[in-house]
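The values are calculated or read from the model by the stated rules, or taken from the named source; none is laboratory data. Bear in mind that the values here come from a model prediction, so they are computed numbers and not experimental data. Quick reminder, even Gly has a Cβ in these numbers, built from the backbone with ideal geometry, and neighbours come from all protein chains shown.
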Amino acid sequence: MKTQSKRQPRGEFYPSSCTRNAFSLIEMLVTLAIILIMFVLLWGRGSSNFQKQQKAACQKNLHTLYLALDLYAKENKDLYPAKTGATSSELPLGLLVPRYTTTMAPFICPGTKDSPLTEGRDLESQATSYAYYMGWKIAETNAPILSDRQINTSAKDAKDQVFSMDGKKPGNNHHKFGGNVLFTSGEVEAMPNRTPLALPTPPNIQLLNPRK
């Protein structure tokens, strides 16, 4: 007796191994895309976690620059760097190089996409990331002297906006997550977008943003 083979019912579809593999590949790609999106949200340049780390590195930069500013003032009649007619922070800060600091790296905030500065070249012809309060004397022990790039060069009262609210220029060194302010006491304070305290610019003080 001949054994009859079972015939596949008409209209019923059994996926081939090729089809099953293709479906698994799609699943894997979707999973990888989700992981990538989550990584960017948590650790991308515009994320809170990333900028928290960069603000800590930025504070180290400002402490390094404070040492150079302090040395300059002590050798120049207790006056911090100032240059007549300066329209950006690079001009007075350029007086620190190379006598008071020999490296250019601290002039660039790590939270930005700003290009590294060229070593051995004067700062005046390049662009830093930091704003500078020009005109203070070393006797002013609790005045702002350096900060992340600000939204403008006006004096700020408490609760005024200092840094970008949406991560766009100006004032976006740390995207939309505030910035750092260095005081003449040598202390650095991390601030939100709106300053909790006044950042004054008396008549003899000029706030200078960097070129870009």
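Some observations on this one:
- Given (1) assigned to a loop (DSSP other than H, G, I, E, B); (2) buried (at least 19 other Cβ atoms within 10 Å of the Cβ); (3) of a type in the set (Val, Ile, Thr), index of the condition Ile145 fails: (1)
- For region 73-87, a residue qualifies if it is farther than 10 Å from Ile138 by Cα and assigned to a helix (DSSP H, G or I), and exactly one does: Glu75.
- Qualifying residue in region 116-129 (condition: surrounded by fewer than 20 Cβ atoms within 10 Å (Cβ to Cβ) and either outside the structural domain of Met191 (by TED's automatic domain parsing) or aromatic (Phe, Trp, Tyr) (or both)): no
- Residues within region 76-111 that are under 17 Å from Val181 (Cβ atoms) and of a type in the set (Phe, Trp, Tyr), tallied: 2
- In the condition set (1) without any contact (Cβ under 8 Å) to a residue 40 or more places away in the chain; (2) closer than 13 Å to Ser89 by Cβ, Pro203 is compliant with all but (2).
- Where a residue in region 30-43 is closer than 23 Å to His175 by Cα and its partner, wherever it lies, is assigned to a helix (DSSP H, G or I) and at pLDDT 70 or above, with Cβ under 6 Å and at least six apart: Leu42/Asn49; Trp43/Asn49; Trp43/Phe50
- Residue count for region 166-200 satisfying the condition of being farther than 21 Å from Ser89 by Cα and of a type in the set (Asp, Glu): 1.
- None of Gly111, Gly120 is in a loop (DSSP other than H, G, I, E, B) and under 26 Å from Asn49 (Cα atoms) except Gly111.
- Members of region 95-138 found to be within 19 Å of Ala198 (Cα to Cα) and either modelled with pLDDT under 95 or of a type in the set (Gly, Ala, Ser) (or both), listed by number: Ala131, Gly135
- Considering Ala190, Ala158, the condition of being over 21 Å from the mean Cα position of the chain (by Cα) and of a type in the set (A, V, I, L, M) is satisfied by Ala158 alone.
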